[in-house]
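Just so you know, all these numbers are worked out from the coordinates, no wet-lab data involved. Note that this is a predicted model, so its numbers are computed, not measured. With ideal geometry, Cβ positions are generated from the backbone for all residues, glycine too; neighbour counts draw on all protein chains shown.
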Amino acid sequence: MSPNRSGELMSCDPLDELFEAARGGNRRTLGKLLTMAEKGGEPAAMVSEQAYRGAGQARVVGVTGAPGTGKSTITGQLVAAAGASRPAILAIDPSSPLTGGAILGDRIRMDSHVSSSAFIRSMATRGHAGGLAVAVPDAVRVLDAAGCDPIIVETVGVGQVEVSIAAAADTTVVVVTPGWGDAVQANKAGLLEVADIFVVNKADRPDARGARRDLELMLDLGHRGGWRAPIVLTTATEGEGIGDLWAEIERHTAHLHDSGELVRRRCRRRREEVADRVELSLRDQVDQMIHSELGQAALNRVDHQELSPAAAAELLLAELNPPQPL
Ligand SMILES: Nc1nc2c(ncn2[C@@H]2O[C@H](COP(=O)(O)OP(=O)(O)O)[C@@H](O)[C@H]2O)c(=O)[nH]1
Ligand SMILES: [Mg+2]
């Protein structure tokens, strides 16, 4: 309750109260806020807005790489190494039938490492992957506004969208494993460009040093001054190298602050998010239009070759953007 101008006690916005409870460490309430943010519509917009006003304090670390490289194991260990009182993990699962079982597997693996203080949340792709570009920043913001820190976002770095989500962190950690071509694959997936820190995990396997050398060579080619991504060797299952990794994350955090890069990065991200949101909304409108009576009628005429695809598109576009009255 806060006094208003005339000194009377006003009843608080229920959303205020939910955030207050989440800040106080109420996990169920935090889970509820995240669910509201995920569901979309007006409640999501309100949660997002409220979270936006309370966010900006947490360190956000993205952990990405190919499936099976050890991201979940590393994430769980990192949380322990950070020694923070309110860490959070956001595990993004591209919920294809192939990886459907992965969420649970990850949970169990993480649970065995993670101190009980960590708040863990899985998010599935649902619908088109583009939605994640908006849903993830919202979820991070809710966790941030609820006082979680650090927030570690684990994503499979396979598609363009996933890579860009991982890169939407303050610090992006790219995980590779020893083995011929792994560094090359990471390069192809666009992971080299977004990496602030590299991890060669499974260093208990042969040729971890070879993998590091491959990465060094590729980094040499692409380096244009400024921060050079360090390479850390880890054996996550044994917790080896995790302390070094956390130290590098802290060093990068300090670099972001000292160089002014943190402000620039966050500014760029906000701009990108505006575009992502507009794009998502337009895509929804297009979907609705296609499924509307008018859309279906136009498609039928295209089927019967009464309309060219271009003419049909123009017809529907005119409906989306009706001419403005003069
Ligand atoms: N040998 C070895 N196995 C590891 C290491 N780290 C993780 N793993 C194993 O690799 C598999 C995939 O790990 P997981 O963390 O789920 O990978 P993710 O798919 O990238 O999240 C699991 O069986 C882990 O136990 C490591 O450092 N060495
Ligand atoms: Mg995983």
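Some points to look at:
- Residues whose placed amide H lies under 5 Å from that of LEU233, excluding near-sequence neighbours: VAL200
- Fully extending the segment from ASP13 to HIS257, taken as 0.36 nm per residue of separation minus the present Cα-Cα distance, adds 84.4 nm.
- Farthest positive-ward along the chain dipole, Cα basis, beta-carbon charges - from ALA312, PRO43, LEU326: PRO43
- Alpha-carbon geometry of the range 178-326: the Rg and the Dmax are 25.0, 72 Å, given in that order.
- Amide H contacts of ALA91 (H built 1.01 Å from N, in plane; Pro and chain starts excluded): ARG121, SER122, MET123, GLU154 sit under 5 Å, all sequence-distant by 5 or more or on other chains.
- Ordering CYS148, CYS267 by the number of other Cβ atoms within 10 Å of each residue's own Cβ, fewest first, gives CYS267, CYS148.
- Under the Debye formula (equal points on every Cα, no solvent term), log10 I(q)/I(0) of the chain at q = 0.13 Å⁻¹: -0.99
- Placed amide H near THR172: partners under 5 Å, 5+ positions off or other chain: GLY62, ASP196, ILE197
- Computed [θ] at 222 nm, deg cm²/dmol, the chain (DSSP H ≥ 4; -39,500 (n - 2.57); rounded to nearest 500): -17500 deg cm²/dmol
- Each residue of the range 295-312 is assigned a 3J(HN,Hα), and the resulting list reads x, 5, 5, 4, 5, 4, 5, 5, 4, 8, 6, 8, 10, 7, x, 5, 5, 5 Hz, derived from the Karplus form 6.51 cos²θ - 1.76 cosθ + 1.60 (θ = phi - 60°), x at Gly and Pro.
- Of VAL278, VAL60, VAL184, the residue with the greatest mean-square motion in the GNM of the chain, using alpha carbon springs below 10 Å, is VAL278.
- The range 16-70-the range 191-257 distance, computed between alpha-carbon centres (Å): 29
- Karplus-derived HN-Hα couplings along the range 208-222 (A = 6.51, B = -1.76, C = 1.60, θ = phi - 60°), whole Hz, x at Gly and Pro: 5, 5, x, 4, 5, 4, 4, 5, 3, 4, 5, 5, 4, 5, x
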